[in-house]
Amino acid sequence: MGLLEVKGLTTQFNTKDGTVTAVDDVSFSLEKGEAIGLVGESGCGKTTTALSITNLLPENGSVSNGEVLLEGKDLAGLDAEEVRKHRWKDISIAFQGAMNALNPVLKIGDQIIEVIMLHEKIDYETARNRAKELLEMVEIDAERIDNYAHEFSGGMKQRVMLAMALACRPKVLIGDEPTTALDVMVQAQILDLIERLREELDMGMILITHDLSVMAETCDKAVVMYGGRIVESGKVEAIIQRPTHPYTEKLVSSFPDITKERTMVESIPGAPPNLLDPPKGCYFHPRCEFATDICRQQAPDLKPVGPGHYAACHHRGDEHE
Ligand SMILES: Nc1ncnc2c1ncn2[C@@H]1O[C@H](COP(=O)(O)OP(=O)(O)OP(=O)(O)O)[C@@H](O)[C@H]1O
Ligand SMILES: [Mg+2]
């Protein structure tokens, strides 16, 4: 049994123009201490997957199908009260653009203390000491516990958010672009820190990023999404060295040197599908040079293309069947 098992997760948004299926039959499993990178272009459903797992979808969104099992327990079936118990403690999320999510009128220490006291029956002083330890853990001087968010730099705010996400020693940490918008030096520092804490706390981690080099450095497995669907999954090395789905090939080749470059130099021609009116068949077919009739008619299933490596393409992987 995996630590976190996502099975057939399907999430829809109601919009004035119709229903959008932002996550479409997504399944993966995360083991203790393992890191999975969730990658894909903007709008492919990464954040929605994270919000579905943590029951934090906005009003117009809902999980229409599937299960999210944490140590075998279905989180999707829980009511709001029970969900609150799990948040921070079992699964914690550091949001995309989290730097701006800190409350400007509360001292940063008090925000961390609040999270701790919500979950543990400990007094204020004990919680405050824990908050100090957490700040030290993310390499912020504990003396700054009574500062306000505006007194910190972007990278420091990101680290405060990380401290908050780690406050209750979660089993699973989800980082949604935790280093985007930070300069390269700070980015590297925070990634090192996440890496160290993951080992120390033996956490499972889902790292959402559009940056393949960040994923390559940090993660064990990769899940590549396109139009809300998984198009490829497997070990990070396999995905980087032997990308199999034409979309992953393009994504990987747009990073010429995975170990050095941090910017996507050559973007993939065309645009991801409009999920209000997606194409029939494989969502990637309008941008795919290998597309044939079957791709335009039928959505491909994920099939094995190597050990623990799966791709959803009609023209790949048959030799492994
Ligand atoms: N509240 C919402 N209402 C309607 N549609 C939404 C809502 N939130 C997201 N979507 C749609 O769901 C799809 C997936 O969005 P999501 O934010 O999950 O993408 P993402 O992969 O996280 O992208 P990015 O890399 O830009 O953060 C997009 O088509 C988006 O327009
Ligand atoms: Mg996102």
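Just so it is clear, none of the values below were taken in a lab; they were calculated from the coordinates. The model shown is predicted, which means the values in this text are computed figures rather than measured ones. Backbone-built Cβ (ideal geometry, glycine too); neighbour counts: all protein chains shown.
Compute the FRET efficiency between ASN103 and SER267 as 1/(1 + (r/R0)^6), taking r as their Cβ-Cβ distance and R0 = 35 Å, and round to the nearest 0.05.
Plugging the Cβ-Cβ distance into 1/(1 + (r/R0)^6) gives 0.45.
Could you calculate the contour length gain from ALA142 to ASP110, that is, 0.36 nm times the residue separation minus the distance between their Cα atoms, to one decimal place in nm?
So the extension gain works out to 10.3 nm.
Give me the one-decimal nm value for the distance between modelled label points at GLU133 and GLU67, 7 Å along each residue's Cα-to-Cβ direction.
3.6 nm
On a straight-distance basis, which lysines could pair with LYS32 in a cross-link, Cα separation under 24 angstrom, same-chain partners fewer than 8 positions away excluded?
Reachable lysines: LYS7, LYS46, LYS73, LYS85, LYS89, LYS171, LYS221, LYS235.
What residue among THR180, THR209, THR15 has the largest mean-square fluctuation in a Gaussian network model of the chain, using Cα springs under 10 Å?
In this elastic network of the chain, the residue with the biggest mean-square fluctuation among THR180, THR209, THR15 is THR15.
Taking Cα pairs under 8 Å and at least six residues apart, what relative contact order does the chain come out at, in percent?
20 percent
Would you mind pulling out the separation of the Cα centroids of segment 156-224 and segment 1-38, in Å?
Rounded to whole Å, the Cα centres lie 19 Å apart.
Label the chain by shape, choosing from rounded, prolate and oblate, from the square roots a ≥ b ≥ c of the eigenvalues of the Cα gyration tensor; if a/c is under 1.5 it is rounded, and otherwise prolate applies when a/b is larger than b/c, oblate when it is not.
Note, shape of the chain comes out prolate.
Out of the DSSP beta bridges found with both residues in the chain, what percent are antiparallel (nearest 5)?
Around 65 percent antiparallel, to the nearest 5.
Suppose each label sits 7 Å from its Cα in the direction of the beta carbon; what would the GLN189-ASP17 distance come out to in nanometres?
Computed distance between label sites GLN189 and ASP17 equals 4.2 nm.
Putting +1 on Lys and Arg Cβ atoms and -1 on Asp and Glu Cβ atoms, find which of MET164, GLY61, MET117 reaches farthest to the positive end of the dipole of the chain.
Most positive-ward Cα: GLY61.
Between LYS303 and ARG242, what is the FRET efficiency for a Förster distance of 22 Å, r being their Cβ-Cβ separation, to the nearest 0.05?
The computed FRET efficiency comes out at 0.90.
Note down the magnitude of the dipole of the chain about its Cα centre, charges +1 on Lys and Arg C-beta and -1 on Asp and Glu C-beta and zero elsewhere, to the nearest 20 debye.
Dipole of the chain, to the nearest 20 debye: 320 debye.
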